[in-house]
Amino acid sequence: MPDILVVNNLKRSFGKLVAVDDLSFEVRQGEILGMMGPNGAGKTTVFNLLTGLLKADGGTISFRGNDITHETPSRRCRRGIGRTYQIPRPFGKMTIFENLLVGAVHGAGLSEGRARKEIHEILDLIAMSPKKNLLAGGLPLLDRKTLELGRALATQPSLILLDEVASGLTEGETEQVMKIVKDIQNRGITIVWIEHILMTMSKGVDRLLAISEGRWLNCGNPEEVMRSKEVMECYLGAEDE
Ligand SMILES: Nc1ncnc2c1ncn2[C@@H]1O[C@H](COP(=O)(O)OP(=O)(O)O)[C@@H](O)[C@H]1O
Ligand SMILES: [Mg+2]
């Protein structure tokens, strides 16, 4: 499979803290690439650099053969990079349907008519059709997480970046989210999935990228990466993770 995203020597510091340190990896068309690493490893910062929310200090990001390193977030979104946020922030006073509409119209630039049609498909995919008229404000965590998936899908991505969509969920709820993520992949969408719960990663992803302190540790077959010396060492002092 060709690469949909190629990241070369990406760098970003916050003052003296090097959050992303010369990181290179690629994402293959159609795969689910897991990204694991302890808290503070730089995972969310990588997503912020990929979407343009943060500017890189160095390195390049190429998406479908185009250098997008210096493009605005909205340009990258229109190109087909969608994301979820670790802490979902839906518009609380809007319904689930309206939240998705905002993503489709403002994120993807769809006409309202076309957006409404797309949203019905997304609601089916995230199994939220019966709840579409509920206000997003009072939803339980699982619903907020799946709505967050829906909001990312509404921007019509070909690559979707998932930031801890399973964190805080029970095992059963995590299974539900994993099923939705698989369904998203089956629709031809490529996925990068951050999770710091290791179990989720070994079961749900095609390849696994491990990072620590902003640096590349290992990448490849999930089981092999998890058993690798680099990853074991990194997690030995952090068993409570
Ligand atoms: N906007 C920011 N300003 C200053 N420091 C930040 C900022 N964002 C992240 N960091 C720091 O960068 C490091 C990596 O953070 P983050 O990417 O959120 O890690 P992860 O998602 O792997 O838990 C942490 O030490 C964090 O405190
Ligand atoms: Mg994070």
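Taken together, the values in this text are just the output of simple stated rules run on the coordinates, not laboratory data. Every value quoted in this text rests on a predicted model; they were computed, and no experiment measured them. Heads up, the Cβs are rebuilt from the backbone with ideal geometry, glycines too, and the neighbour counts pull from every protein chain shown.
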Looking at this model, which pairs from 11/117; 145/229; 145/203; 55/132; 131/182; 93/203 are more than 31 angstrom apart at the alpha-carbon? 11/117; 145/229; 55/132; 93/203
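What size of dipole, in debye to the nearest 20, comes out for region 1-94 about its Cα centre when the only charges are +1 on Lys and Arg C-beta atoms and -1 on Asp and Glu C-beta atoms? Don't skip to the answer; put the middle values down first.
Details: 14 positive and 8 negative charges, 109 e Å.
With Lys and Arg at +1 and Asp and Glu at -1, about 520 debye.
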Where does the longest stretch of the chain lie that holds no trypsin sites (Lys or Arg not before Pro) found in a DSSP loop with 15 or fewer other Cβ atoms within 10 Å? 94-186
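Net charge within 13 Å of residue 3 by Cβ-Cβ distance, Lys/Arg positive one each and Asp/Glu negative one each, not counting residue 3 itself? The partial results should precede the final answer.
Values: positive: 28, 64, 207; negative: 26, 31.
With Lys, Arg at +1 and Asp, Glu at -1, the net is +1.
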Below 8 Å between Cα atoms, with a sequence gap of 6+, how large is the relative contact order for the chain in percent? 26 percent
Of all DSSP beta bridges in the chain, what percent run antiparallel (nearest 5)? 60 percent
Tell me which of 123, 168, 142 sits at the most positive position along the dipole axis of region 105-171, charges placed on C-beta atoms (Lys, Arg +1; Asp, Glu -1). 123
Vicinal HN-Hα couplings computed from phi for region 90-105 (Karplus, 6.51 cos²θ - 1.76 cosθ + 1.60; Hz; Gly/Pro x): x, 6, x, 8, 9, 6, 4, 4, 5, 4, 5, 4, 4, x, 6, 7
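Can you give the percent of C-alpha pairs in region 117-212 whose distance is more than 23 Å? Don't skip to the answer; put the middle values down first.
Working: 1025 of 4560 pairs.
Value for region 117-212 (Cα pairs over 23 Å): 22 percent.
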If you plug each phi of region 158-168 into the Karplus form 6.51 cos²θ - 1.76 cosθ + 1.60 with θ = phi - 60°, what whole-Hz ³J(HN,Hα) values come out, in order, with x for Gly and Pro? 9, 10, 10, 10, 10, 9, 6, 5, 9, 5, x
Under a 5 Å amide H to amide H cut-off, with H placed in plane at 1.01 Å, what residues pair with residue 83 once short-range neighbours are removed? 161
Hey, what's the Cα Rg ratio for region 77-125 versus the globular rule of thumb, 2.2 N^0.38 Å? 1.13
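Wrap a convex hull around the Cα atoms of region 19-132, take a quarter of its surface area, and give that in square nanometres.
Values: hull surface 34.7 nm².
It is 8.7 nm².
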Enter the Cα centre distance for the pair region 34-50 and region 129-178, rounded to the nearest angstrom. 19 Å
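Calculate the dipole size of the chain relative to its Cα centre from +1 charges on Lys and Arg beta carbons and -1 charges on Asp and Glu beta carbons; express the result in debye to the nearest 20.
1020 debye
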On each of the three principal axes the extent of the alpha-carbon atoms of region 41-198, given in whole Å and largest first, is 45, 40, 30
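About its Cα centre, what dipole magnitude does region 48-130 give when the only charges are +1 on Lys and Arg Cβ and -1 on Asp and Glu Cβ, stated in debye to the nearest 20?
Working: 12 positive and 8 negative charges, 28 e Å.
With only Lys, Arg, Asp and Glu charged at Cβ, the dipole is about 140 debye.
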